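The values are calculated or read from the model by the stated rules, or taken from the named source; none is laboratory data. Not measured: the values here are computed from a predicted model. Virtual Cβ from ideal backbone geometry, glycine too; neighbours counted across all protein chains shown. Ligands, DNA and RNA are stripped out before the accessible areas are found, and what is left, the full protein with its side chains, is counted by its heavy atoms. Shrake-Rupley method; radii C 1.70, N 1.55, O 1.52, S 1.80 Å.
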Amino acid sequence: MTSQKDESLMSIILNAQPTEERQKQHIRMPAKCFNTTSGTSLTCRIHPVVILTILDSYVRRPDGASRSIGTLLGYVSDGNNLDITDCYTVIHNEAAGEGVSVMDVKMDQDYHRAMCKLKQTKSKKEGVVGWWSTGTAIPDSSVIYHTWYWGKDSNFVATQSLPSPVHLLVSTDVTAPELAIKTFVMQRSEPIADLVSFHEIPREIRAFAPERAGLAMLQRAQRETDAEVAKEMGETVGKSEGEHSMEGFQGAVSNLVSLLKTAQAYVRDVRAGKRTGDPEVGRALTKALCSECFNNVEEFEGLCGNGMHDTLMVVYLSHLTQAQIALAEKITEQVKVTQDKDKADASP
């Protein structure tokens, strides 16, 4: 990073004006507008690890930096669903204020390409699908970053389902009642070449089973910390029924039973005509029920019984192992005491 040849922070030049003309005038960004509706049917499914990585990057941002930016990795599934499964931070430097020029925006493109190559060695299915930034609004410099990610230098590959990169905006305002997370796609206006519009698209937070377990552990640790702080301050904090349901195997089973009762009540209300059925909910229930093939109720009960027997056997073996270890420790301790006593008797 010391030599001019290997300089990592490279300017993103997106304007084709001559150098002399560019130096004479202050290059302003194209005007931007926002639209809450979009013509695309794309839906973003964001995994929790992405949000946690973004928040961690914002906390570790360099001194003087107003925000953090980075690259989004994921893949398109089920036709129009974009799964954002991973991300990483990209070093950048930009000037603050309105009318930011392309000469005032820099980012480490070499680091971006190196990280992208490293991530794809772990999962070839994941590719560059867009970029992320922290904040509550989209500044002028975001147009430069988005245009660069739209190009081939960012390793983004446009498809029919994903013709342009996605911009994920995560708010870091701790005073807000909830974390604001928005996803946008940028489209250029045909009548006005200098006008670009950011269209907000639907998004949802979806977690894999290991991620849900990790989030449950984080929530449990947070509750324990809050309880310790309240205890030191002399306050009494009781755990609610929902918090107890997250702890242990019994809580997981109770949560599953509650979800089954909710689904059963929904089906009964739809069949009785008390509420209008949602086709998406129906397809989701069908997919869940058809994931495992059971010919009859007895087969299902037998499978559950076998699983319970396996669980009880593991618990029994673990207790037996603990008992054997404790017995071995006591025998070793007794032998050592006997040997020490024999040595003391044998000494003159």
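Within the range 144-167, how many residues are of a type in the set (S, T, N, Q) and either surrounded by fewer than 15 Cβ atoms within 10 Å (Cβ to Cβ) or assigned to a helix (DSSP H, G or I) (or both)? Give the steps one after another, and end with the answer.
We begin by selecting, within the range 144-167, every residue of a type in the set (S, T, N, Q); these are 147, 154-155, 159-161, 164.
Applying the additional criterion that residues be either surrounded by fewer than 15 Cβ atoms within 10 Å (Cβ to Cβ) or assigned to a helix (DSSP H, G or I) (or both) yields 147, 154, 159-160.
Qualifying residue count, the range 144-167: 4.
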Would you be able to tell me the number of residues in the range 174-225 that are open to solvent by less than 70 Å² (accessible area, probe 1.4 Å), assigned to a loop (DSSP other than H, G, I, E, B) and modelled with pLDDT of 75 or more?
-> 3
Residue list for the range 302-337, restricted to those being closer than 28 Å to residue 253 by Cα, open to solvent by 90 Å² or more (accessible area, probe 1.4 Å) and either among the acidic types (Asp, Glu) or within 35 Å of the chain's Cα centre (by Cα) (or both) = 303, 310, 312, 314
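Would you confirm, using the coordinates I've provided, whether residue 294 is at pLDDT below 75, surrounded by fewer than 10 Cβ atoms within 10 Å (Cβ to Cβ) and not β-branched (Val, Ile, Thr)?
Numbers: at pLDDT below 75: yes; surrounded by fewer than 10 Cβ atoms within 10 Å (Cβ to Cβ): no; not β-branched (Val, Ile, Thr): yes.
So residue 294 fails the test.
Give the residue, chosen from 28, 22, that is in a helix (DSSP H, G or I) and at pLDDT below 85. Can you show your working first?
Numbers: 28 fails: in a helix (DSSP H, G or I).
Among 28, 22, only 22 is in a helix (DSSP H, G or I) and at pLDDT below 85.
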Pairs returned, first residue in the range 271-290 that is without any contact (Cβ under 8 Å) to a residue 60 or more places away in the chain, second residue that is hydrophobic (A, V, I, L, M, F, W, C), beta-carbon separation under 6 angstrom, 6 or more apart or interchain, are 277/270
Please state which one of 129, 166, 157, 170 is among the β-branched types (Val, Ile, Thr) and over 23 Å from residue 93 (Cα atoms).
-> 157
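Looking at the range 105-143 only, could you name the residues that are among the β-branched types (Val, Ile, Thr), part of a helix (DSSP H, G or I) and within 13 Å of residue 72 (Cβ to Cβ)? Lay out the reasoning, then the answer.
Step one: of the range 105-143, the residues among the β-branched types (Val, Ile, Thr) are 105, 121, 128-129, 134, 136, 138, 143.
Add one more test, that the residue is part of a helix (DSSP H, G or I), and what stays is 121, 143.
Result: no residue meets the conditions.
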Condition set at pLDDT below 75 and outside any loop (DSSP other than H, G, I, E, B), scope the range 226-248, selection farthest from residue 49 (Cα to Cα): answer is 241
Neighbours by Cβ (under 7 Å, 6+ apart or cross-chain): first from the range 121-134, open to solvent by less than 20 Å² (accessible area, probe 1.4 Å); second charged (D, E, K, R) = 133/67; 134/67
Pairs, first within 21 Å of residue 80 (Cα to Cα) and touching a residue at least 12 places away in the same chain (Cβ under 8 Å) in the range 195-220, second part of a strand (DSSP E or B) and hydroxyl-bearing (Ser, Thr, Tyr), C-beta under 8 Å, six or more apart | 200/183; 201/43; 201/183; 202/43; 202/183; 203/43; 203/183; 204/43
